[in-house]
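The structure appears right after this line, and notes come after that.
We did not get these values from a lab; they are worked out from the coordinates using the rules stated. It should be emphasised that the depicted structure is a prediction, and the values quoted were computed from it without experimental measurement. Ideal geometry is used to build each Cβ from the backbone, glycine not excepted, and the neighbour counts take in all protein chains shown.
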Amino acid sequence: MLKAAVIGVGSIGQNHARVYREMDGAQLVAVVDANAASAARIGGRLNVPHYSDIDKMLEEQKPDLVSISVPTSLHFKVGMDLIAKGLHVLVEKPITSTLEQAEELCDAAKKKGVLLAVGHIERFNPAVMELRRRLREGMALGKVYQIHTQRLSPYPSRIQDAGVVIDLASHDIDLMRYLTGEEITRVYGETLQSINSDREDMFNGLMRFRSGTVGVLNVNWMTPTKIRRLTVTGARGMFDCNLISQELFFYENETAPSQWDALSVLRGVSEGNIVGIKLQRHEPLAAELNDFVAAVRDGRQPTVTGLDGLETLRLALDFVRSGADHQVVDEVKVMP
Ligand SMILES: NC(=O)c1ccc[n+]([C@@H]2O[C@H](COP(=O)([O-])OP(=O)(O)OC[C@H]3O[C@@H](n4cnc5c(N)ncnc54)[C@H](O)[C@@H]3O)[C@@H](O)[C@H]2O)c1
């Protein structure tokens, strides 16, 4: 049985702790939080030892793997310390605050021979998993023209160390990389700053993939409701995915060209059947942590590697730069 610990049991970290506590393949041995009262509250609730000092916890509990869910600006320092001590690490998204830190973290994990996973949780959303499976099969949609995401919500005031692009849009950037599996050739972003005092809280981005598919991102912290939606439009119709309710619909283009009727391409697009796709719902975080634990146990890479986190951060930072400079950024070496 692998021993797990969670570092930082705030908003998301307490859920990591709960999931490990309920998991068959790992045993939650401790929770750690710099705020001793938070550590005690979550430790008490889950009936596991709690600490405010990471080293003391390591000495007494000797975990094999950890989730790091401290604020983003601390991912690098806490991650480097734990990797140096030989632990397998799942760090919450975004991997780090800067590209240099992300590269160093990935290098350190590789040199030490430990796994580094990043918490891009949407890959484990059952609606995304089914959508990806259908896109991979190719027949459902044919050529993919556009992927469009909306991730809109009010501003969570606890987030003081990251703008909306690296904090929130990184989910969508990772999803676009994952769903297309394609190289990105250029990105352009427009950002606005209104609620946050020193970082962007509205982002509209465009990304172009090698095959010509266009990614459109609409992300902000200024909407008085929470929307998480992804649509993929292609030759044979459109997938519409609600990431909150875990629903997936297919809107069929009735006059889509088929291989038996080359001339039908001239007919354009018309409304066809709308199919609700049956999904087995599950908690994405549980699937993410199960994947991480299985990767450690089986000695394989996790579904979201440190390098995935690094590439997503690189694109996110290019978007931030584009938003500031109003310039298109040509991407030269992005491989999913
Ligand atoms: N994957 C997701 O969907 C998702 C959702 C929310 C947050 N996150 C990410 O998780 C991270 C944490 O976000 P949050 O919203 O839970 O923040 P939070 O502020 O609610 O929690 C952070 C916790 O870390 C503790 N902490 C701070 N410094 C520490 C240290 N040195 N050692 C131990 N504990 C320390 C704080 O006391 C706090 O309890 C961020 O990087 C965020 O981007 C990811």
What does the charge count near I54 come to, summing +1 for each Lys or Arg and -1 for each Asp or Glu among other residues with Cβ under 12 Å from its Cβ?
-3
Where the Cα pairs of the chain fall when distances are cut into 20 Å bins, in %
30, 56, 14, 1
Give, in nm to one decimal, the length gained when the segment between A324 and S73 is fully stretched (0.36 nm per residue of separation minus the Cα-Cα distance).
88.3 nm
What's the magnitude of the charge dipole for the stretch 54-146 around its Cα centre, counting Lys and Arg as +1 and Asp and Glu as -1 at the beta-carbon? Answer in Debye, nearest 20.
480
The helix 126-137 Cα axis meets the longest alpha-carbon principal axis of the chain at an angle in degrees, between 0 and 90 and rounded to 10, of 50
Taking Cα pairs under 8 Å and at least six residues apart, what relative contact order does the chain come out at, in percent?
18
Here FRET efficiency (C-beta to C-beta, I227 to R186, R₀ 30 Å, nearest 0.05) is 0.65
Protection proxy (average C-beta count within 10 Å per residue), highest first, orders 147-159, 73-85 as 73-85, 147-159
The stretch 271-315-the stretch 144-175 distance, computed between alpha-carbon centres (Å)
17
Tell me which of S153, F239, H171 sits at the most positive position along the dipole axis of the chain, charges placed on C-beta atoms (Lys, Arg +1; Asp, Glu -1).
F239
Tilt relative to the chain, helix 284-298 - C-alpha long axis, 0 to 90 degrees, to 10:
70
Could you size up the charge dipole of the stretch 2-121 around its Cα centre, putting +1 on the beta carbon of Lys and Arg and -1 on that of Asp and Glu, and report it in debye to the nearest 20?
240
Can you put M23, M202, M139 in order of Cβ neighbours within 10 angstrom, beginning with the fewest?
M139, M23, M202
GNM top mover of S97, S245, S197 - the chain, alpha-carbon springs below 10 Å:
S197
Note the angle between two axes, namely the Cα long axis of helix 13-22 and the longest principal axis of the Cα atoms of the chain, as a number of degrees from 0 to 90, rounded to the nearest 10.
80
By the mean-Cβ-within-10 Å protection proxy, highest first, 40-52, 207-219 rank as 207-219, 40-52
Quick one: putting +1 on the C-beta of Lys and Arg, -1 on the C-beta of Asp and Glu, what dipole do you get for the chain around its Cα centre, in Debye to the nearest 20?
560
